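Below: the structure, in structure tokens.
What follows draws every value from the coordinates through simple rules; no lab data is involved. Only a predicted model underlies this, so the values are computations on that prediction, with no experimental measurement involved. Here Cβ is always computed from backbone atoms with ideal geometry, including for glycine, and neighbour counts include all displayed protein chains.
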Amino acid sequence: TLNLAAAAAQGARLFSPYHKAYAERLLVAATRAYHAAEAHPALYAPATDGSFGGGDYQDDDVSDEFYWAAVELYLSTGDAAWLAKAKASPHWSGPVFQPDGFSWRAVAALARLDLAAVPSALSPQDLEQVRASVVDAAEAYLGVQTTEGFGLLYDPPGGYGWGSNQSLIQNMIVVASAYDITGETRYLQAVRESMDYILGRNALGISYVTGYGETFAHNQYSWMFAASLDPSYPPVPKGALAGGPNSGLADSYAIDTLEGCAPQTCYVDDPRSFSTNEIAINWNAPLAWIASFLADTE
């Protein structure tokens, strides 16, 4: 419900110049959704057995979703009441950027990045605080990059996580945002170097984006693009991002094939390895963001 509120509020802002009626409809839906969540704050997404097709997405801490939704509603309306709700959140000044990136379960970073980038009536002091937190996070990621042989902005303490490629790209988005804020080219160069990892400069010498590079992932796990298992299905399309190395091997094929692997080599381009080779819309979304950023800064 709160994800709808946040996404619809952002959509209202973005569609407003092109389709006023649709933008207004989105804003009404966003406001209604937020108030519904306020009325039922403990109605959480349930844990399931995965039999409904999308796996388990339980989350019983929605403080970050409330924060994100309030921020998007403020940025789209300019209404100080929404800003007050955002400021009442523990995430307003708390840490929101993690070594393993942000994700569907941790969305406070989305709010912070938009507060830093979208023009608003924030006070100079508030804007400075928000932007400083983005730059500080970018500096931390650059510190990680200096320790990495392949020059990527990612090395979480617990090893490479599920969907490590999208986690890396989320970190790249933070650093790209620092470039937008400061104009310092070292942030841009850091992002470019991390993109090299995604496109093949890595321990396995494979591009994780289907159709790009001499050797690229093309046998990803998917219920739609499954030609490698059944030719009657379509193949994985060009531009699909593979999940990437996952130190916590979580499928039988990966366990049998990759046991004892070094973190960056815990990947296999096989449709049976969903824990290393899955594709997902919320992974391709940050890829689209960072590809657009890099195209704009050529």
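Overview of results
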| item | result |
| --- | --- |
| Amide proton proximity set for S247, modelled H, under 5 Å, gap of 5+ | Y160, G161 |
| Angle between the chain longest axis and helix 281-296 axis [Cα atoms, degrees, rounded to 10] | 80 |
| Helix axis angle, 2-15 relative to the chain longest principal axis, alpha carbon, degrees | 80 |
| Simple label model, 7 Å out from Cα along Cβ direction - D230 to Y57, nm | 2.4 |
| Charge context of A81, other residues only, Cβ under 15 angstrom, K/R +1, D/E -1 | -1 |
| The chain, relative contact order in percent, only Cα pairs under 8 angstrom and at least six apart counted | 12 |
| Note, ³J(HN,Hα) from phi for the range 244-254, Karplus 6.51, -1.76, 1.60, rounded to Hz, x at Gly and Pro | x, x, 9, 4, x, 3, 10, 9, 5, 5, 5 |
| Cα-based helix-to-principal-axis angle, 185-198 vs the chain, degrees rounded to 10 | 40 |
| Centroid-to-centroid separation of the range 198-224 and the range 119-195 [C-alpha atoms, Å] | 23 |
| Hz values of 3J(HN,Hα) by residue in the range 166-181 - Karplus curve (6.51, -1.76, 1.60), Gly and Pro given as x | 6, 5, 4, 5, 4, 4, 4, 5, 4, 5, 4, 5, 5, 5, 4, 6 |
| Distance (nanometres) between label positions extended 7 Å along Cα→Cβ at H35 and E298 | 4.8 |
| Burial ranking of peptide ranges 107-115, 40-48 (average Cβ count within 10 Å, highest at the top) | 107-115, 40-48 |
| Gyration tensor verdict on the range 140-298 (Cα atoms; rounded if a/c is under 1.5, prolate if a/b is larger than b/c, oblate otherwise) | oblate |
| Other-chain or far-sequence residues with amide H under 5 Å of F216's (modelled H) | S207 |
| Relative contact order, percent, the range 140-298 [alpha-carbon distance under 8 Å, six or more residues apart] | 24 |
| Global geometry of the range 66-113, whether rounded, prolate or oblate, following the gyration tensor of its Cα atoms and the 1.5 cut on a/c | prolate |
| Among [x] -0.50, -0.62, -1.29; [y] -0.38, -0.48, -1.45; [z] -0.31, -0.40, -1.46, the entry that matches log10 I(q)/I(0) by the Debye sum over Cα atoms at q = 0.08, 0.09, 0.17 Å⁻¹ as calculated here | [y] |
| Burial order of peptide ranges 117-126, 203-212, 177-186, 240-249 (average beta-carbon count within 10 Å, highest first) | 240-249, 203-212, 177-186, 117-126 |
| Net length gained if the chain between A84 and S123 were fully extended (0.36 nm per residue, minus Cα distance) | 12.8 nm |
| Other-chain or far-sequence residues with amide H under 5 Å of E278's (modelled H) | Y221, G243, G244 |
